[in-house]
Amino acid sequence: MITQNSQFTRVEDNKNVWLSKKNNQEFNFTDYGIHPTILSNEAEVGQAMLNELYSTAASKEGDINIALLGGRGAQELHRLLGELAKTTEQDQLLARLNVFTQDALAPLSMNNSFSFVRDFERILGDAFFKKIKSFTPMQTDTKDLESALIKYLNKLEELGGLDIFFIGHGPEENQASHLAYIKPFSGAQNHHIAGIIPISSSILEHHISKFKAGGSLVNESDEKECRSAEYILTLGPAAILQARKIIQSLVDADSAPAKVQTYKNVLTTSLSSDKNEALAQLNANPGLWIRLHPNTKSFVLPNLGL
């Protein structure tokens, strides 16, 4: 089925809605593995992520399109960017940035303290948003989530896709994991660029706990609204794999100890050379999608026990 007024193909799989673009190219299921860089502390991770942004800025002209990572993983990067925005030191770089969010809970008021947008504003600060070229969040306060998501995807495509996908790693049941908010057994495939997924209690608990652990100023009414969210909006495997560079960060294994084993599973699980078997592995553990990107860096702390 083709969604109205768009070039996106819509597929529904067990109440999971996935959008994709027509693409006749054969997908390359090459497993590149992961080669983590262990850094001493969160400040070093943030600086390493910032250095990757500097590297991209030096290697291309014009706009730079990035997907921000929510939660703990990139808070130090956001703090550094916020401090830079208070000076004129990197104004030329900031003016080149088109900034996108990568996932969201919905329906949810855009001013809810459990919204990634509010958390980004809290740490990055007003000066950052005034100096960047554009900021495009996923809309979470509309009755027509699908149309809003398509509008978001159209803008991302018009700007040429992501130069850097800053990404994390979320623990799931059975020692599986999610990327962005691609859930296990949600039917995500390599050509799916974004999806709308029914929410689970585990995702809600993970989302709420990481916001509290990250220092967000939350309140009871916002938490109640957050717990009533029904869907996850998320970029899909195609958006991840089409990004020019993937920068992963894991800094919160102390407050989310399940990540020790779930990250290890992604690190040590090779994907099958059989396409159908590989897709089954990816569906059961979406954290494995990162192994298929040839330009990935994974910055982690010693608390992962590697």
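Key figures for this structure:
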item: 37 °C / 0.692 mPa s Stokes-Einstein diffusion coefficient of the stretch 110-158, Kirkwood radius on C-alpha pairs, µm²/s; result: 271
item: Directionally averaged shadow of the stretch 147-186, computed from the convex hull of its alpha-carbon atoms, nm²; result: 3.9
item: Spatial extent of the stretch 40-84: Rg and Dmax, with the Cα atoms as the point set, Å; result: 11.0, 34
item: Descending semi-axes in Å of the stretch 1-149, equivalent ellipsoid built from Cα gyration tensor; result: 30, 22, 17
item: For the chain, built as a Gaussian network whose Cα springs stay under 10 Å, the top-fluctuating residue of 225, 277, 158; result: 158
item: Cα-Cα pairs of the stretch 89-224 separated by more than 19 Å (percent); result: 57
item: Computed lengthening from residue 147 to residue 89, 0.36 nm per intervening residue step minus Cα-Cα distance; result: 17.0 nm
item: GNM flexibility winner over the chain from 182, 203, 232 (Cα, springs under 10 Å); result: 203
item: Calculated Rg and Dmax of the chain using C-alpha coordinates, Å; result: 18.1, 52
item: Mean accessible surface per residue for the chain, computed with a 1.4 Å probe while every protein chain stays in place, in Å²; result: 44
item: Nearby aspartates and glutamates by direct alpha-carbon distance to residue 130 (threshold 17 angstrom, same-chain neighbours under 8 apart not counted); result: 63, 83, 89, 91, 119, 121
item: Lys, Arg +1 and Asp, Glu -1 on Cβ, resulting dipole of the chain about Cα centre, debye, nearest 20; result: 340
item: For the stretch 126-152 and the stretch 243-297, distance of Cα centres in Å; result: 27
item: For the stretch 146-245, convex hull volume per residue from C-alpha positions, Å³; result: 129
item: Principal axes of the stretch 81-120: Cα extent on each, largest first, Å; result: 38, 17, 10
item: Relative intensity, log₁₀ I(q)/I(0), of the stretch 170-306 from a Debye sum that treats every alpha carbon as a point, q = 0.16 Å⁻¹; result: -0.89
item: Accessible carbon and sulfur surface of the chain relative to its total accessible area, %, 1.4 Å; result: 47
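The values are calculated or read from the model by the stated rules, or taken from the named source; none is laboratory data. None of the values given here were measured: they were computed from a predicted structure. Note: ideal-geometry Cβ built from the backbone for every residue, glycine included; neighbour counts use all protein chains shown. Only protein heavy atoms, including side chains, enter the accessible area calculation; ligands, DNA and RNA are left aside. Shrake-Rupley method; radii C 1.70, N 1.55, O 1.52, S 1.80 Å.
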